[in-house]
Structures are given as structure tokens and as C-alpha cells.
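In what follows, a single structure is set out as C-alpha cells and then discussed.
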Amino acid sequence: MLGNILIWLVIVAAAVLLGWLTFRAWRAKNKAVKWGGVVVSGLFTIVLALVSMIMLSGMVKAYALRSAPVPDLPAAGTREQVARGEHLAGSFCASCHSTTNDLPLTAASIWAKTSLCRWALTSRST
């Protein structure tokens, strides 16, 4: 979240800087500098302003609190499902989330290899 906010602030700062450069180009006495600067920096200002607004609306939607109730999803929890879950956790998650590379998971080195764990959670294992 902090990284997204910092990136958004950099984009807003760049849009403000380009807006200031557009204003400075408008006040130039040379016609080529005036119109070239206004067109180029003005277009970039508009593009960066639109990108920052879209990014801000996306961040508001992504980080807003949800008011929908959490659904109750009953699970059968058969022995086969529990065994498969232990196998998947031992295969994909234990290398990142355990100090011994085995179950139980301890979340020891969670930042070390998160891409494998993200892949394991999003891939379809059959």
C-alpha cells in the first residue's frame, strides 16, 4: 500500500511539474518555444493527471473497507481433503513459511521467497 501511494505521489508531482512547465512555455516570447512547449508539456500534463486520477480511484476501491458480510462456506473436511491440504502445504508453503522446511508452518522467512507461495495459491493443482 505504501509503495502504491509513493508511486502515486511521484506521478502527481510530475503532473504538477509539467503543468508549471506548460505555464512557463505559455509565457515565452519565442513562438516555437511557446507553442511547442505548450503542446508537448500540456499533453503530458493531461496524460499524467488522468493516470493519477485513475490510479487514485483504483487505490480507493482496493483499500476501502468492505461492508459485505463474510460468507459462511462449510467444508466437508474429509480425510482425503486434509491429506491433500497437508501435501500442498508441505510441498509449496513450507519452504518459505517454516524454519525447518517442513510442517508445521511458522512464517519464519515469509519475505524470502514469496513468489513461489503466490504461485502455489493462484495455480490450479489437480
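Numbers for the structure displayed
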read-out: Subset of segment 30-52 (residues that are closer than 15 Å to A13 by Cα and exposed (fewer than 14 other Cβ atoms within 10 Å of the Cβ)); value: V47, L50
read-out: Every pair of residues 6+ apart whose Cβ atoms lie under 7 Å, when the first sits in segment 9-32 and is outside any helix (DSSP H, G or I) while the second is surrounded by 14 or more Cβ atoms within 10 Å (Cβ to Cβ); value: A28/K34; A28/G37
read-out: Output for segment 62-80, where each listed residue is among the charged types (D, E, K, R) and either within 25 Å of L2 (Cα to Cα) or in contact (Cβ under 8 Å) with a residue 60 or more places away in the chain (or both); value: R66
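Every read-out reported here was derived from the displayed coordinates using simple, explicitly stated rules and does not represent laboratory data. In this text, all values refer to a predicted model and were calculated from it rather than measured experimentally. With ideal geometry, Cβ positions are generated from the backbone for all residues, glycine too; neighbour counts draw on all protein chains shown.
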